[in-house]
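Taken together, the values in this text are just the output of simple stated rules run on the coordinates, not laboratory data. What you see is a predicted model, and the numbers here were worked out from it, not measured in a lab. Heads up, the Cβs are rebuilt from the backbone with ideal geometry, glycines too, and the neighbour counts pull from every protein chain shown.
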Amino acid sequence: MVRAIEQEQEIHRSRLFPPHKGTRDATGHHARAMSVDHANGDWSLHRTNDKVAKSRLSREDGKDKHPSDMELMKERFAKLLLGEDMSGGGKGVSSALALSNAITNLAASAFGEQKRLEPMSPETKARWKKEIDWLLSVTDHIVEFVPSQQKTNGMNMEIMVTKQRTDLHMDIPALRKLDAMLIDCLDNFQDQNEFYYVSKDVDQSEKKAMDDKWWLPTVKVPPEGLSEESRKWLQFQKDSVNQVLKAAMAINAQVLSEMEIPDSYIESLPKNGRVSLGDSIYKSITVEFFDPEQLLLAMDLASEHKILDLKNRIEASIVIWKRKMTHKDGKSSWGSAVSLEKRELFEERAETVLLLLKQRFPGLPQSALDISKIQYNRDVGQAILESYSRVLESLAFTVMSRVEDVLHADYAAQNPSQATAKKNGFRHSSPVMAPENFSSPLEDMEKLASPGTPCSMTLSDFMGWSLDPDLKKDLGGDELLKDGDGKHMNKSSNAGTPKKFSYIEKLERAGGLRSPTARH
């Protein structure tokens, strides 16, 4: 009876689940892929294929794990190859602009929340170093042909070999060093305990002093202020970061100056420099006795918009004058009311004002000319140099501003009655700063080079850049602001005459903002 019931169940199971042809048991017969259980009177199915279960579980576990470095790198470079056009329709941006945007976005995600003087988190620091290495690896394959000597069968033969492009070979290591210096500077604040930050959600009485920086946490120092040792150490950090800022600015300005001016920008320019500048600024630049400092003091620079508008006007006039001097626009100069020498003089004066403007307001947004150059640039190497130096310049400016916040809090603790007046003397994160509160480039460099300053070694010395001997000569402030029509400004057409320095060269030589000549 029992055997009959078991046989009946076996026949019933075989009808429900026929044998699977792909599997055999140990005796050589076909084994069923499914087994039937009737415990508690219910039918249930159980998979016997362990490989299928294992592969399914491994896929599920893989979803929970973080993507590997290889997968991240594939994703990054896939977006670069697509030119940020994920549809693949060929409507993406150029490779140069895609790389520039990638470096900018990476820096924004890594440094965008740097609101305190504290080390970066280990995860953020590792991600920045890893991904910036990926993006900079493109420069290893940008080469140029150079002649080289090769011996073949005892004969010297000159052949052409490839090496990394000169500008990348010099500037990428320099920028990497500046990058490391900024991260090390933040790491130096690991063990400091003399100042701290309070949440930005404190009561209104404590936020009055930070009305212009309401989005930042408030710096708190001891009631009697910082110790003398900490104060000197903070000043040293500020001076060091200031050197990094100037070096990054110099590299960025050099790269931007070498980029081609797009035709779309040229077509949007007015017909002459006077229309671009306006009558008042044009008269200040073309006056017989030119003083760039006085010109800026007379300008209304109360807002970021006005400063940027002045910068755009000056850059447009410089482009117009340069094009007319080289006759690139194809127009005849017979009917021009301004001689070639005068136009060259005006162009140099405008460049002087522009350089002073960039020094006093380093946090300004990019000008219309810069944006146009970056947007239409097709040189991948220049795009990487420009974006990398720009993000380092931005980070250096941020770190220096945070140090100045601490120094201001220290001064406010020691001099409560004068804190408001002194606050205007500090540079802060807002790029709109009163010009009269700033010393000239000469005074800044004298201050940095003074024996009492712990940062007397310049960045060029630190990084091993070789400077020309004549660049080490000190120039006085009266020579810097000499009459624009004086003998130092008139360029002679005779190549045999001694070299004369323009306003720009004098300012760069005195202010130390010129990138080392060995790089270019």
Gain upon complete extension [residue 151, residue 364; 0.36 nm per residue less C-alpha separation]: 71.2 nm
For the range 272-289, Karplus couplings with θ = phi - 60° (6.51, -1.76, 1.60), whole Hz, Gly/Pro x: 8, x, 5, 5, 5, 7, x, 4, 5, 5, 4, 5, 5, 7, 8, 5, 5, 9
Whole-angstrom gap from the range 101-145 to the range 348-394, using each part's C-alpha centre: 19
Percentage relative contact order, the range 262-361, counting C-alpha pairs under 8 Å, at least six apart: 36
Nonlocal amide H pairs with residue 143, under 5 Å, H built at 1.01 Å: 165
Peptides ranked, highest mean first, by Cβ atoms within 10 Å: ranges 350-363, 255-268: 350-363, 255-268
Out-of-range pairs (alpha-carbon distance over 20 Å; input 238/373; 322/373; 115/373): 238/373; 115/373
Simple spin-label estimate for residue 193 and residue 302 in nanometres, 7 Å along Cα-Cβ: 4.8
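Sort the following peptides by mean Cβ neighbour count (other Cβ atoms within 10 Å, averaged over residues), highest first: 372-381, 150-159, 403-412. Can you show the working numbers first?
Numbers: 372-381: 18.6, 150-159: 7.9, 403-412: 21.3.
Averaged packing, sorted descending, gives the order 403-412, 372-381, 150-159.
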Computed log₁₀ I(q)/I(0) - Debye formula, equal Cα scatterers, no solvent, the range 262-361, q 0.10, 0.13 Å⁻¹: -0.27, -0.45
Stokes-Einstein diffusion coefficient of the range 64-141, Kirkwood radius over Cα pairs, 37 °C, 0.692 mPa s, in µm²/s: 236
Förster radius 35 Å - calculated FRET efficiency between residue 75 and residue 268 (Cβ-Cβ, nearest 0.05): 0.40
